[in-house]
Amino acid sequence: MIVMLLVVAAYMSLGPIPKWVMPSLPKFDSINLRLSRNRKISFEEQLDALYLFKSQILGGQSNATALQRALEVLPSECLPNTRQALATGTSFSRIMRDECEFFDLVTFEEISLVIEVSDRTGAPLGISLDRIIHKLINQRSDKQLIATELASVKATISILAALPVIGIILSSLLGTNAITWYMHSKLGLVCLLSGLVLEGLGLVWIKVLVSKAVLEIK
């Protein structure tokens with residue numbers, strides 16, 4: 001049993017940081033979107049669609065025409081019912097909003113609301129589109145910053161977690177028989193169990209801190 005505890009301690013110190021400790025983060029170049037077959041719309045695709053939509057609006061195109069051309073930049077499986085409604089000339093605002101909610105396309109759900117308000121009131125879209133674009137850019141910058149910071153945290157965790165095992169190995173090389181002491185003395189067993197408990201509590205504590213940092217950008 002003691003040998004098994006030593007193996008567990010070595011794995012926790014020298015093995016990879018468990019995935020549940022470091023929650024997965026969105027990559028720098030994509031925003032997680034639940035599309036069919038786990039298709040992800042990259043940041044560049046979304047931004048290209050928004051800029052194309054804005055340029056079409058500034059060029060004098062109607063909201064529907066501009067949106068139809070902007071959606072051509074996105075994957076073909078994205079918003080199929082909205083594309084069909086635009087092609088047939090039927091009302092698309094409600095359809096687009098429902099599809100955006102289903103696919104978790106927050107940015108384009110905001111676009112559908114802006115278009116609906118513009119169609120009803122005749123208000124220009126320029127300022128609203130700029131705000132949506134800047135919001136998307138800032139969201140990506142925040143995710144990139146958090147991911148960079150957490151990468152350094154992960155490296156620090158790996159080093160600190162490995163220190164106990166490294167200490168045992170060095171002490172054994174110096175002839176102190178640390179492993180024998182852990183295995184054949186009550187005090188050594190108490191120290192070993194205490195170390196495992198503290199190691200586990202440390203991982204849980206890190207998970208809580210990291211989860212709070214991730215939630216701040218969602």
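The values are calculated or read from the model by the stated rules, or taken from the named source; none is laboratory data. The shown structure was predicted, so the numbers you read here are calculated from the model rather than taken from an experiment. Methodologically, a virtual Cβ is constructed for each residue, glycine included, from the backbone with ideal geometry; neighbour enumeration extends over all protein chains shown.
For region 71-121, which fully contained helices (runs of 4 or more DSSP H) count at least 1 residues that are in contact (Cβ under 8 Å) with a residue 60 or more places away in the chain?
Numbers: elements: 80-88, 93-103, 106-121.
Counting at least 1 such residues, we get 93-103, 106-121.
Filter region 106-126 for residues that are at pLDDT below 85, under 15 Å from Ile57 (Cβ atoms) and among the aliphatic types (A, V, I, L, M) and give the result. Once the filter is applied, which keeps residues that are at pLDDT below 85, under 15 Å from Ile57 (Cβ atoms) and among the aliphatic types (A, V, I, L, M), region 106-126 yields Ala123, Leu125. When the criteria are applied in full, Arg131 fails the requirement of being assigned by TED's automatic domain parsing to the domain that holds Ile41 and among the charged types (D, E, K, R).
Residues being under 30 Å from Pro80 (Cα atoms) and not aromatic (Phe, Trp, Tyr) are represented in region 142-157 by at least one member. When Ser211 is tested against (1) within 30 Å of the chain's Cα centre (by Cα); (2) modelled with pLDDT of 85 or more, exactly one condition is not met: (2).
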